[in-house]
Amino acid sequence: MKLLNIQIPPETAHAAKLKAVVLDWAGTTVDFGSVAPARTLQQVFGEAGVELSDAEIRRDMGLPKKDHVQRLFAMAKVREAWQAQKGRAPSDADVEEMYQRFIPRQLSCLSEYSELIPGVLDCIKRFRQRDLKIGSTTGYTRAMLDVLAEKSAKAGYRPDCSLSPEDVGAGRPAPFMIYECAVRLQVYPLASIAKVGDTPADIEEGLNAGAWAIGVAGTGNGIGATLKEFEALPQEERQSRLVQARKELEQAGAHYIVDTLADLESVLDDIDARLLSTANSRRSVAK
Ligand SMILES: [Mg+2]
């Protein structure tokens, strides 16, 4: 398994093995293609007369949803379309209004898009067998996360803790949800945690926390379609989406990139080997 980012977590010397994984939700463990938030945002903007492409909608995915709405309003195209529609530039009140329109819409469709990504339950079982604790973080609000967590629990996926930006005062790219996972899971140092997610914002969150940052390219935001839709695409299109998704995660600074959660074990082995060898060399220096 290839290490892509050589800037490994600074506390590595104090960690002998991984103790926890912190998993993202949409596009990583549930909602193949991270379809729910993208389509809801696209609809809400579409109804306001602003048509956004998939790529435009997906660029800032993973951030807290209000920040995402704000980023969309910062785009020249959106500002121009708003000006043309309303005869004035968008204001903070418009950001708030669009966000308030987004919330109920997202809540009402979330359970339709809460299905576990195939293979996730097996992966979780294997993580448990490795004695890993399982945390989770999201860009969704607490109320949205509650919907997902309840549905997932019924399907058999129950992380040891689940945190939203509201729980800690700030979302990605800030590292606070991971810090809080460390507290609730009682694991340290942060280099013994691997953050896993499908967006550049997930990678930044992991890096900012001083944890290992692992990108999942083949089931998330970069794929941008439900499993059924994706499987119906021509092979070339599927491949090009995958290549682009990997590239975005690599550019964000991911330590490793996998296609699905099921491919994660060889990465966890590689990290454990690195942590062990660093711990051993530290011990031999101390002698
Ligand atoms: Mg995601």
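One table, with the values for the structure above:
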item: Burial ordering of 116, 23, 276, fewest other beta-carbon atoms within 10 Å first; result: 276, 116, 23
item: Sorted by Cβ neighbour density within 10 Å, fewest at the top, the residues 154, 19; result: 154, 19
item: Degrees between helix 120-129 axis and first principal axis of the chain (Cα, 0 to 90, nearest 10); result: 30
item: Candidate aspartates and glutamates - alpha carbon under 20 Å from residue 247, same-chain residues fewer than 8 apart omitted; result: 24, 54, 56, 60, 198, 202, 204, 205, 236, 237, 259, 263
item: Estimated [θ] at 222 nm from DSSP helical runs (n ≥ 4, -39500 (n - 2.57)) normalised by residues in the chain, nearest 500; result: -16000 deg cm²/dmol
item: Whole-Hz ³J(HN,Hα) from phi, Karplus 6.51 cos²θ - 1.76 cosθ + 1.60, for the range 171-179, glycine and proline x; result: x, 4, x, 5, x, 5, 5, 5, 4
item: Hits among lysines - C-alpha to C-alpha of residue 154 under 30 Å, sequence gap 8 or more where chains match; result: 19, 65, 66, 125, 133, 195, 228
item: Calculated FRET efficiency for the pair residue 242/residue 284, C-beta based, R₀ 41 Å, to 0.05; result: 0.45
item: Which of 67, 54 has the fewest Cβ neighbours within 10 Å, and the rest in rising order; result: 54, 67
item: Stokes-Einstein translational diffusion, the chain - Kirkwood Rh over all Cα pairs, 0.890 mPa s, 25 °C, in µm²/s; result: 127
item: Separation in nanometres of the label points that stand 7 Å from Cα toward Cβ, at residue 76 and residue 93; result: 2.8
item: Alpha-carbon Rg with Dmax, taken over the range 214-287, Å; result: 17.2, 60
item: Positive minus negative residues near residue 53 (Lys, Arg vs Asp, Glu; Cβ under 13 Å); result: +1
item: Cα gyration tensor of the range 35-112 - equivalent ellipsoid semi-axes, whole Å, descending; result: 20, 13, 11
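Read-outs throughout are calculated quantities, based only on the coordinates presented, and are distinct from any laboratory measurement. Remember, predicted model here, so these are calculated numbers, not experimental data. Positions of Cβ are backbone-derived with ideal geometry, glycine not excepted, and every protein chain shown enters the neighbour counts.
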